[in-house]
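What follows is a single structure, written as structure tokens, with notes after it.
Coordinate-derived values only; no laboratory data. Everything quoted here is computed from the prediction, not taken from an experiment. Here the Cβ positions follow ideal geometry from the backbone for every residue, glycine too, while neighbour counts run over all protein chains shown.
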Amino acid sequence: MVLLFSFVAPAFSNWSNLLEIVRSASINAVLVLGLTWIVAMGEIDVTFPDIAAFGSMMTAIFVVNGVNWLIAIFIALLTSVLFGFLNGILINVFKVRALIATIGVTTVAKASAYIIGKGNPIYLKRISPVIQFVVYGKIGEIPLLVIIILVLYSLAAFIQDRTKLGQYLYALGENRQAALEVGIPEKKIIYSFFILSALLASAGGVLLAATFTAGQPNFQGSYFVDGLTAVFLGALVIKAGKPNVIGSLIGAILIMVLGNGLTLLGVPFFVGIIIKGLLMIGGVAAIAYSKNFGKS
Amino acid sequence: MQRNRKQFMSFNRDYLSVLIFLGVLAIVMIALTLLNEYFLTINNLLRALKHLSIFSLTALGLTFVVTVGHSDMSFHFLSCFAGMTMSFFIGKGMAPLPSILIGLLAGASVGVINGITVGKFKLPDMIATIAIGSVAWGMSYLYSNGNYIYENFLTSGIIQFSDGRLFEIPYPVLYLFGFYILAYVVLHHTKSGRAFYAVGGNRVAARFSGIKVEKYIFIAFIICAVLASFSNLLLTASQGNGNVKGGLVLLMPAWASVYVGVSIFKKPSVVGTFLGSFLISIMQNGFTLMNAPFYIMDLIVGLTLIAAIIISKTEIKQKASVGKISKTNEIEAA
């Protein structure tokens with residue numbers, strides 16, 4: 001696909017354009033990492049776009065009021081984790097389906113993001129040099145952000161494939177009943193992954209705030225559909241139909257390549273939405289048939 | 001004797017959640033009346049009902065999908081497609097009624113695809129409907145490249161669809177009660193209504209007792225799609241323009257209404273959905289009267305949903321201590 005686009009739109013293969021793609025894909029990759037595992041576990045989390053918005057607003061409000069960037073980010077991450085924890089409580093203690101719990105929590109997160117800025121975005125006058133360096137800096141020719149993402153994903157891949165936690169995760173996704181009977185601590189796992197997902201979503205939000213130099217209560221974009229498409233495309237690419245982190249990273253990059261390529265070709269943006277939707281249906285269908293993934 | 005007692009207890013508990021709910025509703029209504037003298041007037045209540053009708057009808061459709069044990073995450077997307085289809089034909093100068101029908105047809109066709117994908121091909125419902133929905137949403141940009149459509153809106157009479165009144169009662173309120181009574185009769189007093197519940201309760205048993213499981217799932221998705229489209233057509237008519245993002249607001253309130261209903265009656269039901277959406281809507285109306293900013297509406301939806309989840313489960317756990325529950329509940333409501 002990269003080759004195809006570079007062929008039809010020469011601007012695509014421009015080095016700075018490629019870097020820009022990889023950089024935006026990295027931010028998306030942060031957002032979908034937590035989601036990947038939750039989907040692998042057979043649950044769903046719809047909170048991540050709103051928690052990202054909340055994280056960006058939290059950071060912005062503290063920075064505007066003169067708090068140090070790093071402390072502001074720390075507070076933003078910490079408060080966002082509360083939403084993940086709330087998800088966990090609703091699912092574990094009150095035994096409600098993850099979809100319902102996360103719909104409830106996400107509306108609250110969204111409203112909180114709006115309340116922080118009284119309905120408006122918060123514009124930041126300057127970005128701390130450290131954050132600036134994380135988002136835009138380069139080591140040699142490679143953006144620092146990309147290196148961070150690669151490290152993060154390698155770590156995640158290690159956890160997923162080489163530790164007990166990763167095996168528990170897939171065991172829960174494959175056969176919940178059997179997993180419970182062998183004594184896998186389901187509740188702990190649900191808590192930890194929903195909290196992790198909120199933390200990563202919020203971190204993605206902070207990065208977005210730095211990119212837009214503003215805290216946004218509503219990121220105008222299709223992060224939700226993009227995120228799920230990345231997860232399902234990724235599941236299709238590697239590991240025969242199981243959502244997994246490396247796949248999601250590839251999925252996130254593919255989606256960015258697609259979006260960027262179509263824009264350069266001058267195709268209206270809604271065509272991108274349609275194509276992504278179709279890709280997602282294709283991904284789900286293929287997974288369902290190869291693995292009997294559906295619960296019918 | 002023992003069994004009778006047990007039955008009595010469970011009967012009591014079933015009523016308890018309804019009583020708790022009505023208590024909460026009463027407290028909310030009284031509080032809003034005290035805070036604002038305009039709240040409890042006929043005019044305002046009619047306006048609240050008109051506002052309610054839009055997402056309450058969406059929630060009604062979703063009730064059917066939840067009853068057959070599925071989730072639909074596409075109805076808000078496909079309602080945009082229906083709304084834009086109608087707006088496009090209105091803009092081209094077509095009369096309101098055919099445009100409305102074409103809009104509904106457009107929404108229904110997406111519902112058919114949902115039904116086939118989930119019912120027949122058994123793809124995971126949430127993900128498949130999100131994907132199909134986003135395709136439908138992308139298609140709603142086709143008509144105007146994402147721009148507002150407002151040609152002919154004022155002259156064609158489409159506004160009457162939402163703003164017309166029959167004996168002083170706004171049309172949307174009539175649609176609301178019409179659809180709800182119809183749905184109530186179908187879901188709770190007919191054989192096919194019981195079949196919907198059977199499919200949602202125990203699919204294997206339903207199949208063995210001769211119920212065509214796929215057919216009911218298919219129908220539920222179509223009902224959901226049509227009612228969501230209908231709601232967005234009302235919304236489009238009342239706003240006086242076609243907007244590609246207009247229907248997206250329907251998602252959260254509809255899910256919240258259905259699940260408040262589930263926590264009252266312990267299963268999805270027409271009455272429960274109505275009460276759920278009524279509670280949410282009346283609070284939103286009250287806050288609008290107090291000039292609360294728009295984002296408070298989301299907060300109300302989210303907190304009501306979370307509170308409903310918590311209340312319904314606490315109750316099951318502490319079945320014995322009746323007094324305790326209503327007390328904690330009052331505290332939460334206050």
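Worth pointing out:
- Cβ-derived FRET efficiency at R0 35 Å, A:N175 paired with A:L150, nearest 0.05: 0.60
- GNM remark for chain B: springs join alpha carbons under 10 Å apart, and the peak mean-square fluctuation among B:Y184, B:Y148, B:Y15 falls on B:Y15.
- Candidates A:S197, A:S222, A:S56, ranked by Gaussian network fluctuation over chain A, Cα under 10 Å, top entry: A:S222
- Neighbours of A:F193 by Cβ distance under 9 Å: Lys/Arg scored +1, Asp/Glu scored -1, total -2.
- Charge dipole (the protein assembly as shown, unit charges on Cβ, about Cα centre) - positive-most of A:I122, B:V244, A:L172: A:L172
- Placed amide H near A:K138: partners under 5 Å, 5+ positions off or other chain: A:L144
- Tail beyond 28 Å, pair distance distribution of chain B (Cα, percent): 45
- Between A:N92 and B:L22, the simple spin-label model (points 7 angstrom out along Cα→Cβ) gives 3.8 nm.
- With the largest listed first and rounded to whole Å, the semi-axes of the equivalent ellipsoid of the protein assembly as shown from the Cα gyration tensor are 38, 30, 27.
- Size of charge dipole - chain B - debye, nearest 20, with Cβ of Lys, Arg +1 and Asp, Glu -1, no other charges: 1500
- Stokes-Einstein D in µm²/s, Kirkwood radius over Cα pairs - region A:109-267 at 25 °C with 0.890 mPa s viscosity: 134
- Candidates B:V204, B:V66, B:V271, ranked by Gaussian network fluctuation over chain B, Cα under 10 Å, top entry: B:V204
- Our helix-only sum for chain B, with -39,500 (n - 2.57) per DSSP H run of n ≥ 4 divided by its residues, gives a mean residue ellipticity at 222 nm of -25500 deg cm²/dmol.
- Cβ-based charge dipole, the protein assembly as shown, positive-most Cα from B:G193, A:V105, B:L305: B:G193
- Counting Cβ atoms of other protein chains within 10 Å of each Cβ in B:68-76 and taking the mean gives 2.
- Length-normalised contact order of region A:136-232 in % [C-alpha pairs under 8 Å, at least 6 apart]: 9
- Shown here for region B:173-259: trypsin sites (Lys or Arg not before Pro) in loop regions (DSSP other than H, G, I, E, B) with at most 16 other Cβ atoms within 10 Å, namely B:K212, B:K245.
- Charge tally for B:M139 (other residues, Cβ to Cβ under 15 Å; Lys, Arg +1; Asp, Glu -1): +2.
- Legend: helices of chain A (whole DSSP H runs) are marked when their alpha-carbon atoms reach 30 angstrom or more along the helix axis and their mean Kyte-Doolittle hydropathy is at least 1.0; marked are A:15-40, A:69-92, A:186-212, A:269-291.
- Cut-off 15 Å between beta-carbons: net charge of the residues surrounding B:V173, Lys and Arg +1, Asp and Glu -1: +1
- When each of B:K191/B:K267; A:K242/B:K122; B:K191/B:K212; A:K110/B:K122 is checked by Cα-Cα distance, pairs over 23 Å: A:K110/B:K122
- Cα-Cα pairs of region A:132-221 separated by more than 21 Å (percent): 50
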